[in-house]
Amino acid sequence: MSRFLSLCLRTLAPYTPGEQPKEGEFIKLNTNESPFPPSPRVMEALGPEAAAGLRLYSDPGLEPLRSAAARCYNLSPDMVTAGNGSDEVLSFAFQAFCLGGRVVFPDVTYGFYGIWAALYGVEARRIPLREDFTLNPADYYEAGGTVLIANPNAPTGLALTRDQMEGIVARNPGNVVIVDEAYVDFGGESCLPLLERYDNLLITRTFSKSRSLAGARLGLALGSPALIEDLERVRNSFNPYNLGRLPLLAGAAALEDKDYLDACVEKIIALRQSTAAALNRLGAQSLPSRTNFLFVRCPGLDGAAYCAALRQRKVLVRHFPGPRTGGYVRVTIGGREEMEHYLDATLAIIEEGSK
Ligand SMILES: *Cc1c(COP(=O)(O)O)cnc(C)c1O
């Protein structure tokens, strides 16, 4: 730290991304990426012509991505904007709606929410989830600040129904309710149908998980034209060229291939369910997941020890230290063979522990 660093950054603990090891060395189940390649349409969209276009700036109006998203989700284009990952979209939302105010989110959720609150000097009110990690919607009625809920939640994998979410949106007419739908394609109920009735609802989506484009850095915000205009004001005051030409093309192509998305999601869900059942037979518990990961407890081991034991067997998973999450690890649903390897490793760890 230099002596020049801004005061507000000195005590902030930045986000620690999951490890990105060199290819081949590990089975990588630690950052919720997709085991499948992007849609073939993405490959086609990124040809020599696209590369030649890099001479010019990208479109500050975010085309062709914005139109493709509007078509895909049946919205008008003024209800869509995009960012360099949904992380950037969420960061714009903090700046647009939370500065000088308060943000309200669960105690166990995506770690970045608290970091943005610290970065932007926003008061964070953390509401504890119930003992079983479920969220009580009534805790968020008249929340007294911007509400931010990942649905399905991470790292628990648990989801609220659309009706439960609507209760929260309807009872916060004076607050923006941001629903982070990073994992919704894996079996959650989207709040999209609520957009026509509520002007205080903002939905964020990512291309990093279900659409196999983590490396493209693409996220969307979907909401009322007024909320989107506010986000655009931030984006255009920060970096109007926040998305490069290649990601704009890749994202648009991915959105146009619904069949491919459905096929990938179907395989992940099937493998998630069979992995959860296999873990259960081994005596390891996981929470009922609506995402592309499982939140798993290994008998006789805390999360840190289980994570380390898996790492020794070349399997990377994510562990979240802390009083509530410390007993668990988060395991991404990867490919079939990867999950077999993970289950074999878990069996070996459990057998070793019982010797
Ligand atoms: C992965 C994730 C994000 C970030 O996604 P990017 O688009 O890669 O920035 C946001 N929210 C949640 C809950 C996530 O799990």
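The values are calculated or read from the model by the stated rules, or taken from the named source; none is laboratory data. As the structure is a computational prediction, the values presented were derived from the model and not from experiment. Note that each Cβ is placed from the backbone with ideal geometry, even for glycine, and that neighbours are counted across all protein chains shown. Areas reflect the complete protein model, heavy atoms only, side chains present, ligands, DNA and RNA absent. Shrake-Rupley method; radii C 1.70, N 1.55, O 1.52, S 1.80 Å.
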- Query: Out of all the residues in segment 170-213, which are assigned to a loop (DSSP other than H, G, I, E, B), among the hydrophobic types (A, V, I, L, M, F, W, C) and within 11 Å of the ligand (Cβ to nearest atom)?
  - Reply: ALA182, PHE207, LEU213
- For GLU166, the lone unmet condition from (1) assigned to a helix (DSSP H, G or I); (2) within 15 Å of the ligand (Cβ to nearest atom); (3) closer than 22 Å to PRO225 by Cβ is (2)
- Query: Quick one: how many residues across segment 3-43 are more than 16 Å from the ligand (Cβ to nearest atom), among the basic types (Lys, Arg) and over 18 Å from LEU218 (Cβ atoms)?
  - Reply: 3
- Task: Scan segment 132-152 and report the pairs whose first residue is within 18 Å of LEU201 (Cβ to Cβ) and whose second residue is among the basic types (Lys, Arg), with Cβ atoms within less than 7 Å and a gap of 6+ or a chain change.
- Result: TYR141/ARG171; GLU142/ARG171; GLY144/ARG102; GLY145/ARG102; GLY145/ARG125; PRO152/ARG290
- Item | In segment 43-75, the residues that are of a type in the set (Gly, Ala, Ser) and under 14 Å from LEU246 (Cα atoms) | ALA45, GLY47, ALA50, ALA51, ALA52, GLY53, SER58
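Looking at segment 75-85, which of the residues that are outside any strand (DSSP E or B) and either in contact (Cβ under 8 Å) with a residue 40 or more places away in the chain or out of contact with any helix residue (DSSP H, G or I) (no Cβ under 9 Å at 6 or more places or on another chain) (or both) is nearest to the ligand (Cβ to nearest atom)? Before the answer, list the steps.
Restricting attention to segment 75-85, the residues satisfying the condition of being outside any strand (DSSP E or B) are 75-79, 84-85.
From the residues that got through so far, the ones that are either in contact (Cβ under 8 Å) with a residue 40 or more places away in the chain or out of contact with any helix residue (DSSP H, G or I) (no Cβ under 9 Å at 6 or more places or on another chain) (or both) too are 75-76, 78-79, 84-85.
Values: LEU75: 19, SER76: 23, ASP78: 22, MET79: 19, ASN84: 8, GLY85: 3 Å.
Residue satisfying both the conditions and the ranking: GLY85.
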- Note on the structure: For segment 159-186 the number of residues that are open to solvent by 30 Å² or more (accessible area, probe 1.4 Å) and either touching a Lys or Arg at 6+ places or on another chain (Cβ under 8 Å) or not polar (S, T, N, Q) (or both) is 9
- Here are some residues: GLU88, GLU123. Which one is open to solvent by less than 50 Å² (accessible area, probe 1.4 Å) and out of contact with any helix residue (DSSP H, G or I) (no Cβ under 6 Å at 6 or more places or on another chain)? GLU88
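Give the residues of segment 41-59 that are open to solvent by 70 Å² or more (accessible area, probe 1.4 Å) and either under 25 Å from the mean Cα position of the chain (by Cα) or not small (Gly, Ala, Ser) (or both), sorted by residue number.
Of all residues in segment 41-59, those open to solvent by 70 Å² or more (accessible area, probe 1.4 Å) come to 41, 43-44, 46, 48-49, 52, 54-57.
Within segment 41-59, ARG41, MET43, GLU44, LEU46, PRO48, GLU49, LEU54, ARG55, LEU56, TYR57 qualify.
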- Message: Being closer than 30 Å to TYR328 by Cβ, touching a residue at least 60 places away in the same chain (Cβ under 8 Å), assigned to a loop (DSSP other than H, G, I, E, B) and of a type in the set (A, V, I, L, M, F, W, C): is that true of VAL89 here?
- Response: no
- Out of all the residues in segment 282-290, is one or more among the basic types (Lys, Arg), touching a Leu at 6+ places or on another chain (Cβ under 9 Å), within 20 Å of GLY334 (Cβ to Cβ) and not in a helix (DSSP H, G or I)? yes
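Considering only segment 61-73, I want to know if a residue exists there that is more than 16 Å from the ligand (Cβ to nearest atom), closer than 27 Å to VAL315 by Cα, open to solvent by less than 70 Å² (accessible area, probe 1.4 Å) and in a loop (DSSP other than H, G, I, E, B). Show your work before the answer.
Here is the first cut: in segment 61-73, the ones more than 16 Å from the ligand (Cβ to nearest atom) are 61, 63-64, 66-68, 70-73.
Restricting the remaining residues to those that are closer than 27 Å to VAL315 by Cα gives none.
So far as segment 61-73 goes, no, none of its residues is more than 16 Å from the ligand (Cβ to nearest atom), closer than 27 Å to VAL315 by Cα, open to solvent by less than 70 Å² (accessible area, probe 1.4 Å) and in a loop (DSSP other than H, G, I, E, B).
For every residue, the table says whether it meets (1) surrounded by fewer than 21 Cβ atoms within 10 Å (Cβ to Cβ); (2) of a type in the set (A, V, I, L, M, F, W, C).
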site: LEU282; (1), (2): yes, yes
site: PHE295; (1), (2): no, yes
site: GLY300; (1), (2): yes, no
site: ALA304; (1), (2): yes, yes
site: ALA309; (1), (2): yes, yes
site: GLN312; (1), (2): yes, no
site: VAL317; (1), (2): no, yes
site: PHE320; (1), (2): yes, yes
site: THR325; (1), (2): yes, no
- Query: Residue check: is ARG290 within 19 Å of the chain's Cα centre (by Cα), at pLDDT 95 or above and open to solvent by 50 Å² or more (accessible area, probe 1.4 Å)?
  - Reply: yes
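Working only within segment 305-329, note down all residues that are more than 22 Å from the chain's Cα centre (by Cα), closer than 20 Å to THR109 by Cβ and either among the polar types (S, T, N, Q) or not in a loop (DSSP other than H, G, I, E, B) (or both).
Here is the first cut: in segment 305-329, the ones more than 22 Å from the chain's Cα centre (by Cα) are 305-306, 308-314, 323.
Right, trim to closer than 20 Å to THR109 by Cβ and you get 323.
Residues satisfying the conditions do not exist here.
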- Query: Of the numbered conditions (1) farther than 24 Å from SER208 by Cα; (2) surrounded by 15 or more Cβ atoms within 10 Å (Cβ to Cβ); (3) hydrophobic (A, V, I, L, M, F, W, C), ILE115 satisfies every one except a single condition; which is it?
  - Reply: (1)
- Return the total of residues in segment 130-163 being within 21 Å of ARG197 (Cα to Cα) and within 11 Å of the ligand (Cβ to nearest atom). 4
